[in-house]
Amino acid sequence: MENILRGKAWKFGDNISTDHIAPGRYFHLRSQLDELAKHVLEDADAEFASKMAPGDFVVGGSNFGLGSSREHAPTIIKIAGVSAVIAESFARIFFRNCINVGLPVVWLDTENIETGDELEVDLEKGILLNVTKGTKQEFPALPPVMTQILEDGGLAEHVRKNGDLKLA
C-alpha cells in the first residue's frame, strides 16, 4: 500500500448507505464483484462509476456507510479503483469492513472539499493536502494493527501472512 495517495475528490453527502454504494437491484451480481463495481454508488451519483479514475477519492459527510453490514460495499469501492474513502464519520461496521478488505479510510472534516478538488493524502503522517484550494488538514493515524492489515492487503491476506493470532 502506498503511503501517499493522489487523486480527484468525488463528494457525497451525509448518510450514504450501503444501499447507495451497492444498489440492491444488482443483488444478482454479488458473486461477480467486478460487474457489481460498475454500479458502485450509482444511487448517489449515476455517473460516478463511469467518470471516476483509478486513484480518485470518495468523500462523504457524516455517517458514511450506514445500513447493512455487507462487505460488498467497501469491496466494490476498492475494485472500482478508489484509493481511499474520506468522511466526517463512518458507520462502525462499514469502517471496519473497509480495513478488512484493504481499503484505506480517513476520518476528517470534509466541509471544504468539493467534487473535482485534487487531493494528496499522506496516510503515514496523517495529512490531507487539498492541492486545488491550497489547504492542509491533519487527521488521526489509524492504530498500528489496522495499518498492518491495510499494508498486507486486507484481513484475509494479513491472516495468511501472519497467522490468526498475530495482529500487530
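Just for helices (runs of 4 or more DSSP H) wholly inside segment 21-106: which have at least 2 residues that are closer than 27 Å to Lys125 by Cα and under 9 Å from the mean Cα position of the chain (by Cα)?
Helices (runs of 4 or more DSSP H) meeting the threshold: 72-80, 92-101.
Out of all the residues in segment 141-168, which are at pLDDT below 85 and over 25 Å from Leu108 (Cβ atoms)?
Of everything in segment 141-168, those that are at pLDDT below 85 and over 25 Å from Leu108 (Cβ atoms) turn out to be Gly163, Asp164, Leu165, Lys166, Leu167.
Checking the conditions here, which among Gly55, Gly60, Gly67, Gly81 is without any contact (Cβ under 8 Å) to a residue 60 or more places away in the chain, in contact with a Lys or Arg (Cβ under 9 Å, 6 or more places away or on another chain), at positive phi and of a type outside the set (S, T, N, Q)?
Gly55
Here is a check on your reading of the model: is Ile113 part of a loop (DSSP other than H, G, I, E, B), at pLDDT 95 or above and either among the aliphatic types (A, V, I, L, M) or surrounded by 18 or more Cβ atoms within 10 Å (Cβ to Cβ) (or both)?
Considered against the rule, which asks whether it is part of a loop (DSSP other than H, G, I, E, B), at pLDDT 95 or above and either among the aliphatic types (A, V, I, L, M) or surrounded by 18 or more Cβ atoms within 10 Å (Cβ to Cβ) (or both), Ile113 comes out as yes.
Exactly one of (1) closer than 15 Å to Val59 by Cα; (2) surrounded by 22 or more Cβ atoms within 10 Å (Cβ to Cβ) is unmet by Ile76. Its number?
(1)
A quick yes/no check of all residues on (1) closer than 20 Å to Pro54 by Cα; (2) touching a residue at least 40 places away in the same chain (Cβ under 8 Å):
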{"site": "Glu111", "(1), (2)": "no, no"}
{"site": "Glu118", "(1), (2)": "yes, yes"}
{"site": "Glu124", "(1), (2)": "no, yes"}
{"site": "Thr132", "(1), (2)": "yes, no"}
{"site": "Thr135", "(1), (2)": "no, no"}
{"site": "Phe139", "(1), (2)": "no, no"}
{"site": "Pro144", "(1), (2)": "no, no"}
{"site": "Gly154", "(1), (2)": "yes, yes"}
{"site": "His158", "(1), (2)": "no, no"}
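Keeping to segment 9-20, report how many residues are touching a Gly at 6+ places or on another chain (Cβ under 6 Å), of a type outside the set (S, T, N, Q) and either farther than 22 Å from Phe95 by Cβ or assigned to a helix (DSSP H, G or I) (or both).
Final tally of qualifying residues: 1.
Quick check on Glu138: is it within 21 Å of Glu111 (Cα to Cα) and surrounded by fewer than 16 Cβ atoms within 10 Å (Cβ to Cβ)?
It is true that Glu138 is within 21 Å of Glu111 (Cα to Cα) and surrounded by fewer than 16 Cβ atoms within 10 Å (Cβ to Cβ).
The values are calculated or read from the model by the stated rules, or taken from the named source; none is laboratory data. Everything quoted here is computed from the prediction, not taken from an experiment. Cβ atoms come from the backbone with ideal geometry, glycine included; neighbour counts cover every protein chain shown.
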